[in-house]
Amino acid sequence: MACLTSMIEPLRVANEVSGSNTFSWQLISENGAPVTASAAITFDVAAPVSALTETDYLVFLAPPKAHFQNEQSLGALRHLSRHGCVFCAVSGGVFPLARTKLVSAVPLSVHWCYRATFEKEFPDYLASDQIIEVTQSFITASGAAGGFEVVLNFIEEQLGPQVTTEVACWFQHPMIRKSCIRQITPLPDESSTTASLPASVRDAIHLMPSHIHDPLVIDALA
């Protein structure tokens, strides 16, 4: 649900800020039935995927275990792919995207919590630890914040940086990340953080708190 709203709300605000109807969207599901999010909130949809004959982007939002139930759906996706639709996936949506078997040899952003599962099922795919991966036909993002930034990039392409900045400020979004930014992953505790550092850096870190009242200048610390 966070991924869904993170993709839609910036588009709504961009239209409002620019006084235009640059962006439009609709929710679809494989069979046209309502979809219940993991937060137990149900969303009505406009149509089944088989009814979608034309769109610029199709965004996959799903849990990792989501599978397509019939060949007709995959046929509709193949049609969209052939006619220039860009496939996007956010967080767990990368799994059904990969299961379409329409993905070429391009890097796919895979959320760190799904990385091992993804690589086990799809050993031939290029799993990336970047927050966003953008290619000509595929855009993938790890997490709702990544999806939000994908949409900010859409807004910048269509309406320019001024509108994009205003949209980001509307949501108090502190920075606009593009590609080439790695995911932040949790660490169990502080010891595991310092253990990965060079010995000289660990020593410098230990020196700093011991000189709180007489801070060391950088030269002395070095």
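Ignoring ligands, DNA and RNA, what accessible area per residue does the chain give at 1.4 Å, in Å²? Provide the component values of the computation, followed by the final result.
Values: 13140 Å² over 222 residues.
That works out to 59 Å² per residue.
What percentage of the solvent-accessible surface of the chain, computed with a 1.4 Å probe over protein heavy atoms, is contributed by carbon and sulfur atoms? Numbers along the way, then the final one.
Details: 7290 of 13140 Å².
Percent of accessible area from carbon and sulfur atoms in the chain: 56.
About its Cα centre, how strong a charge dipole does the chain have in debye, to the nearest 20, once Lys and Arg get +1 and Asp and Glu get -1 at the Cβ? Numbers along the way, then the final one.
On the way: 12 positive and 21 negative charges, 118 e Å.
Roughly 560 debye, rounded to the nearest 20.
Here is the tail figure for the range 104-152: Cα pairs spaced more than 17 Å apart come to 31 percent of all pairs. On the principal axes of its alpha-carbon atoms, the range 3-57 has extents of 34, 30, 14 Å, going from largest to smallest. Close amide H pairs (under 5 Å, H built 1.01 Å from N) link VAL86 with TYR57, LEU58, residues at least 5 positions away or on another chain. Normalised Debye scattering of the chain at q = 0.08, 0.09, 0.16, 0.18 Å⁻¹ gives log10 I(q)/I(0) of -0.38, -0.47, -1.12, -1.35, counting only Cα atoms as equal scatterers and leaving out solvent.
Under 5 Å from the amide H of VAL103 lies no amide H of any residue 5 or more positions distant or on a separate chain, with H modelled from the backbone and absent for Pro and chain starts.
The values are calculated or read from the model by the stated rules, or taken from the named source; none is laboratory data. None of these values were measured; they are calculated from a predicted model. Every residue, glycine as well, gets a Cβ built from its backbone with ideal geometry; the counts of neighbours run over all protein chains shown. Surface areas here come from the heavy atoms of the whole protein model, side chains and all, with no ligands, DNA or RNA. Shrake-Rupley method; radii C 1.70, N 1.55, O 1.52, S 1.80 Å.
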